[in-house]
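Nothing in this text is a laboratory measurement; each read-out follows from the coordinates by a stated rule. Nothing here was measured: the structure is a model prediction, and the numbers come from that model. Cβ sites come from the backbone with ideal geometry, for glycine too, and all protein chains shown count toward neighbours.
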Amino acid sequence: MEKVLVTGGAGYIGSVLVRILLAKGYKVRVVDYLAFGGESLLDVFSNPNLEMVRADIREKNYDYLNGIDAVCHLAAIVGDPACKKFAKDAQEINSEASIALYAECCKRKIKRFVFASTCSNYGKMTDSSQFLTETSELRPVSFYAELKVAFEKHLLANYSKHEVTTTILRFSTVYGLAPRMRFDLTVNEFTRDVTAGKELVIYGEQFWRPYCHVYDLANSMALTLDKDKALVNGEVFNVGDTSENYNKKMLAENIQNVIGSIPVKFVPQTDDPRDYRVDFSKIKNKLGFTITKKVPDGIREINNAIKLGIISNPFSEKYSNI
Ligand SMILES: NC(=O)c1ccc[n+]([C@@H]2O[C@H](COP(=O)([O-])OP(=O)(O)OC[C@H]3O[C@@H](n4cnc5c(N)ncnc54)[C@H](O)[C@@H]3O)[C@@H](O)[C@H]2O)c1
């Protein structure tokens, strides 16, 4: 495998993945329409092994697939609020353009296709004593997750008819520092607010979610590319670590442990439809995936970056997908 296309390669996760792939010796091509700018790729832009194509994947010109061996598909309208606000774009990009891109990959016999899906697909667990696995029922409770589930189903219904080794990675909620920062993600947002001296207001402290550092998530995609077809073809993997499921109260406690005593206001909420704890043994046992960072590491790095002024205005709109 030599040349990898990263769709959405200028994004939060994609910009980290690009660097991992370059470091592993791959040639990388990014296709991205730069919704949040391209500064995230500045220091690798002149790398002879990186090629940048500025394009919208809704366009039907697939020249950017010429010479490509593998596709890591991350381009999307990302998150529940953004998909609600930009519903037409979400339908076109996360569904129609993704289906068309996969069809083109099949037609061209691209060797690999790895899709960035989400654990949000699980929605709400029915039994709070259990951890959800890849075979648990998907109960999407947002348009964002509905679109992810629909594309997963499309891939699973079609992969065996083609030669493209196809893998679905269901990412945990991501956190941590990346060349394209996002502060509309729980750990990053909470840490930013506390670092800025704001009171931490937590709605629905009891709701569970798994979290994973952006480096580890990106690394799981690179790892998947290296694995034998028999291990990954037509497979779904949750990406994260079973020890990294937290409810929001636990996140507040972890922030407190790292940053010190902070004012926290808990606002009761019973109607958050998303509440899930996830088991990650499959990716660990089958692919040997392990995480290198935990939530407190992410809190620490974000707190430091803001305190030192490395990120001068973390409240800037550019750090949010909405
Ligand atoms: N952030 C998370 O917690 C999380 C969790 C699970 C899954 N994911 C998935 O991982 C992927 C990347 O997420 P992210 O957090 O890096 O998001 P992001 O918004 O930072 O990056 C998405 C990138 O895709 C590009 N893009 C969007 N539509 C495009 C189009 N039509 N043509 C070309 N480029 C386009 C954007 O310009 C952007 O650079 C997404 O598919 C997302 O659903 C993210």
Subject >> Globularity index of segment 85-191, i.e. its alpha-carbon radius of gyration over 2.2 N^0.38 Å >> reply: 1.21
Subject >> segment 297-322 and segment 1-70: distance between their alpha carbon centers, rounded to Å >> reply: 24
**OP:** Between LYS107 and PHE86, with labels modelled 7 Å along Cα→Cβ, what's the label distance in nm to one decimal, could you check?
**Re:** 2.6
**OP:** Grab the alpha carbons of segment 210-291, take their convex hull, and tell me the volume per residue in Å³.
**Re:** 106
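Loop only per DSSP, at most 16 neighbouring Cβ atoms within 10 Å: give me the trypsin sites (Lys or Arg not before Pro) in segment 2-53, ordered by residue number.
Values: sites: LYS3, ARG19, LYS24, LYS27, ARG29; in loops: LYS24.
Filter output for segment 2-53: LYS24.
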Subject >> Hydrodynamic radius of the chain per Kirkwood, over alpha carbon pairs, in Å >> reply: 20.0
**OP:** Per residue of segment 191-197, in order, report the coupling 6.51 cos²θ - 1.76 cosθ + 1.60 (Karplus, θ = phi - 60°) as ³J(HN,Hα) in whole Hz, putting x for Gly and Pro.
**Re:** 5, 4, 4, 5, 4, 7, x
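Which entries of LYS85/LYS153; LYS3/LYS294; LYS60/LYS88; LYS88/LYS198; LYS27/LYS107 show an alpha-carbon separation above 27 angstrom in the structure shown? Don't jump to the answer; show the numbers that get you there.
Working: LYS85/LYS153 24 Å; LYS3/LYS294 31 Å; LYS60/LYS88 18 Å; LYS88/LYS198 35 Å; LYS27/LYS107 22 Å.
Violating the 27 Å Cα-Cα cut-off are LYS3/LYS294; LYS88/LYS198.
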**OP:** Please report the orientation-averaged projected area of segment 120-252, defined via the convex hull of its C-alpha atoms, in nm².
**Re:** 9.6
Original post:
Expressed in whole Å with the largest first, what are the equivalent ellipsoid semi-axes of segment 12-151 derived from the C-alpha gyration tensor as the square root of 5 times each eigenvalue?
Top reply: 28, 17, 16
Original post:
So what is the relative contact order of the chain, in percent, for Cα pairs below 8 Å that sit 6 or more residues apart?
Top reply: 20
Original post:
Under Stokes-Einstein, with the Kirkwood radius over Cα pairs standing in for Rh, what whole-number D in µm²/s applies to segment 164-322 at 10 °C and 1.306 mPa s?
Top reply: 95
Original post:
What trypsin sites (Lys or Arg not before Pro) does segment 39-69 have in DSSP loop regions with at most 11 other beta carbons within 10 Å?
Top reply: LYS60
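Looking at segment 165-223, which GluC sites (Glu not before Pro) are DSSP coil and have at most 11 other C-beta atoms within 10 Å of their C-beta?
Passing sites in segment 165-223 are GLU199.
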**OP:** Round to the nearest 10 and give me the degree value, 0 to 90, for the angle of helix 14-23's Cα axis relative to the longest principal axis of the chain.
**Re:** 60
Original post:
Hey, what D do you get for segment 60-112 in µm²/s if you plug the Kirkwood alpha-carbon radius into Stokes-Einstein at 4 °C and 1.567 mPa s?
Top reply: 108
Original post:
For the chain, which span is the longest to avoid every loop-located (per DSSP) member of chymotrypsin sites (Phe, Trp or Tyr not before Pro) having at most 13 other Cβ atoms inside 10 Å?
Top reply: 46-314
Subject >> Convex hull volume per residue in cubic angstrom - Cα atoms of segment 88-144 >> reply: 94
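Only Cα pairs under 8 Å and at least 6 apart count here; give the relative contact order of segment 219-322 as a rounded whole percent.
On the way: 50 pairs, mean separation 38.8, N = 104.
Reported relative contact order: 37 percent.
Under unit Cβ charges (Lys, Arg +1; Asp, Glu -1), what dipole magnitude, rounded to 20 debye, does the chain have relative to its Cα centre? Intermediate values should be presented prior to the final figure.
Working: 42 positive and 39 negative charges, 87 e Å.
I would put it at about 420 debye.
Restricting to Cα pairs below 8 Å that are 6+ residues apart, what does the relative contact order work out to for segment 18-73? Please round to a whole percent.
36
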**OP:** Between LYS161 and LYS286, with labels modelled 7 Å along Cα→Cβ, what's the label distance in nm to one decimal, could you check?
**Re:** 2.3
